[in-house]
Amino acid sequence: MTDRHALPAGFRWGVSTAAYQIEGAVEEDGRGRSVWDAFCERPGAVKNGESGRLACDHFHRWGEDVELMRGLGLDGYRFSIAWPRVRPAGRGPVNGAGLDFYDRLVDGLLAAGITPLPTLFHWDLPQALEEEGGWLQRDTAHRFGEFAAAAADRLGDRLPAWITLNEPFVHMVYGYALGIHAPGRALMLDALPAAHHQLLGHGLAAAELRARGLDVLIANNLTPVRAASEAPEDVAAAEAYDALHNRLFTDPLLLGRYPDLGAYGVGPDLCGSVREGDLELIAGPGLDGLGVNYYNPTRIAAPTDPGLPFAEAPVEGVPRTHFGWPVVPAGLHELLLTLRDRYGHALPPITVTENGCSTDDTLDDAFRIDYLAGHLDALARAAADGIDVRGYYTWSLLDNFEWAEGYSQRFGLVHVDFETQRRTPKASYAWYRDLIAAQRAAAATR
Ligand code: IFM
């Protein structure tokens, strides 16, 4: 990253993780079962039959992991709080022992000079709530509000800002429409109530957080959508996809309304789930920040079969990650400018809450360094173009449990040997550490 592309003073450098992907200890200190514990037991659901049962054993090794973060010189650490640790059955009594873990972690981070940034929902719904219908049920949104209140009551004195949901789009599509993530339901468009109820849950949680004087963010997986050609059919298909992937999860938050989903044959009540007052609650008084998880752009063409109003087309002529995802750093710049054009003054400050790539199992991860450098350049270009960017949290600190891919996709700055739990920093770890130090020094002289 060149100094020409320096990021603003006060910019926060961080890393991101999520509870089920790193913690392990799924039966300790009264933790309840989550939808991911159940999903991983389904034959064929996860590559090699793997699960997050042990993962990175972060629950026991968090002290070593905080030291790794201290070594990076981070400003911030984004992690998630497992709902089933705090309310094992999703409702009812709070499990103090579950909160004790986060209490220790938060104090450890603060002692290392790192500001913790918690996410309340990173896909690990208590299984007991799934058995009542999960996010297809409106009631789950209310239970989520209660969980937010319990977590904030215990930790809010030390945590100034909170993220409510992680990637509600991915959770709805993979978990409820396609069934390739927990809870494994394949409902196609009948999954849409799971979008609305997550957003309603955001609104209810946000109200609890704001009542305690805390800042509220959400982390959305957003993608710049490119039409495969200028043909009107391709352009219309790209607009339809953009409405589903992006606008469904930003318009209600920033404009107080849902986008037009007419191309899907869906009305503004999202399959009957929207009630009077919901959109006002979801938009609330506005977000304190929009978390953007950016990985790649999406290219869309006219549909080839009648099921959906779009077809995904390959992004060609670019490198690909180990996962096969196209590497297009300029897409981050494009995305942020599109957000500004779309939402104008309603767009809150941006924090990149995830960005990173999987590479093969090697410590010399020059591919990751190039990936991160390219995206940080793009982010700095967006800042130079006037976008208010406040921070960058790379995904991820550690190699971890990559959902349906098991342990086969490694996103970490730090290699984890899952047999021994030995952590070994990769080349990208030293690179990120040096970049943070250089950026901080440069900012101090500006
Ligand atoms: O590992 C995931 C994370 O849980 C959510 N965002 C994308 C990452 C990489 O797939």
Which members of the range 293-347 meet the condition of being away from the ligand (no atom under 16 Å from the Cβ), of a type outside the set (A, V, I, L, M, F, W, C), closer than 16 Å to Asn221 by Cα and touching a helix residue (DSSP H, G or I) at 6+ places or on another chain (Cβ under 7 Å)? Pro329, His333
Please work out if Ala205 is away from the ligand (no atom under 16 Å from the Cβ), closer than 27 Å to Leu347 by Cα and surrounded by fewer than 20 Cβ atoms within 10 Å (Cβ to Cβ). no
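Okay, residues lined up against (1) surrounded by 15 or more Cβ atoms within 10 Å (Cβ to Cβ); (2) free of Cβ contacts under 8 Å to residues at least 60 places away in the same chain; (3) more than 24 Å from Ser229 (Cβ to Cβ); (4) among the acidic types (Asp, Glu):
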site	(1), (2), (3), (4)
Glu316	no, yes, no, yes
Pro326	yes, yes, no, no
Pro329	yes, yes, no, no
His333	yes, yes, no, no
Asp341	no, yes, no, yes
Pro349	no, no, yes, no
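Among residues belonging to the range 396-417 that are in a strand (DSSP E or B) and open to solvent by 10 Å² or more (accessible area, probe 1.4 Å), point out the one that is farthest from the ligand (Cβ to nearest atom).
Kept after step one, since they are in a strand (DSSP E or B), are these residues of the range 396-417: 398, 410, 414-417.
If we keep only those that are open to solvent by 10 Å² or more (accessible area, probe 1.4 Å) too, we end up with 410, 415, 417.
Values: Arg410: 11, His415: 16, Asp417: 19 Å.
Taking the candidates together, the pick is Asp417.
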Which condition number does Glu419 fail, the rest of (1) closer than 18 Å to Leu74 by Cβ; (2) over 24 Å from the mean Cα position of the chain (by Cα) being met? (1)
Would a scan of the range 222-241 turn up a residue that is open to solvent by 20 Å² or more (accessible area, probe 1.4 Å) and closer than 25 Å to Thr119 by Cα? no
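For (1) modelled with pLDDT under 95; (2) more than 18 Å from Arg423 (Cα to Cα), each residue gets a yes or a no:
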position	(1), (2)
Asp3	yes, yes
Gln21	no, no
Ala38	no, yes
Pro43	no, yes
Trp62	no, no
Ile81	no, yes
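Hey, does the range 418-427 have a residue that's within 16 Å of the ligand (Cβ to nearest atom), open to solvent by 10 Å² or more (accessible area, probe 1.4 Å) and more than 29 Å from Gly289 (Cβ to Cβ)? If you could, list the steps in order and put the result at the bottom.
First, pick out the residues of the range 418-427 that are within 16 Å of the ligand (Cβ to nearest atom): 418.
Then drop every residue that is not open to solvent by 10 Å² or more (accessible area, probe 1.4 Å), which leaves 418.
So of that shortlist, the ones also more than 29 Å from Gly289 (Cβ to Cβ) come out as 418.
Yes, the range 418-427 has at least one match.
The values are calculated or read from the model by the stated rules, or taken from the named source; none is laboratory data. In this text, all values refer to a predicted model and were calculated from it rather than measured experimentally. FYI the Cβ positions are ideal-geometry reconstructions off the backbone, even for glycines, and counts take in every protein chain you see. Heavy atoms of the whole protein, side chains included, go into the accessibility calculation; ligands, DNA and RNA do not. Shrake-Rupley method; radii C 1.70, N 1.55, O 1.52, S 1.80 Å.
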